[in-house]
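Any read-out appearing in this document is the output of simple, stated calculations on the displayed coordinates, not a laboratory observation. Since the structure is predicted, the reported quantities are computational estimates derived from the model, not experimental observations. Here Cβ is always computed from backbone atoms with ideal geometry, including for glycine, and neighbour counts include all displayed protein chains.
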Amino acid sequence: MTAADEPQGGGQVPEVGVLVVDVRRDRVGEVMASTGGRLSLRPPSGGREWEAFACDVRPMTASDELRVKVTEVNDRSSREWGTA
């Protein structure tokens, strides 16, 4: 196993409702369900769910949280101005 193949999240399966970063897709998602090491993730502001392996997610950092908040503000602004 190479360093790139090692579990990113320490091998632990996050609980439902926790925000995590899918390192393979570079996306933040809320854990909606967990089955056999596979997670169903959904963007924090809503949208289509996707699947990720528990070993491919990591806990969010302060920087990740800021990125989510900026994205939500930008999305809201785009909707208000009708440019979405």
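Other residues with beta-carbon under 14 Å from the beta-carbon of Gly46 carry, at +1 per Lys or Arg and -1 per Asp or Glu, a net charge of +1.
Amide H contacts of Val18: Val31, each under 5 Å away and 5 or more positions distant or on a separate chain (H built 1.01 Å from N in the peptide plane; Pro and chain starts excluded). Within the shell of other residues whose beta carbon sits under 15 angstrom from the beta carbon of Val13, the net charge comes to -3, with Lys and Arg scored +1 and Asp and Glu -1. Once region 15-84 is represented by equal point scatterers at the alpha-carbon sites, with solvent omitted, what log10 I(q)/I(0) does the Debye formula produce at q = 0.17 Å⁻¹? The Cα Debye sum returns log10 ratios of -0.61. Electrostatic tally near Gly37: other residues with Cβ closer than 13 Å to its Cβ, Lys and Arg +1, Asp and Glu -1, net -1.
Near Leu39, the amide H atoms lying under 5 Å from its own belong to Ala52, Phe53, Ala54; only residues 5 or more places off or on other chains count, and H is placed 1.01 Å from N.
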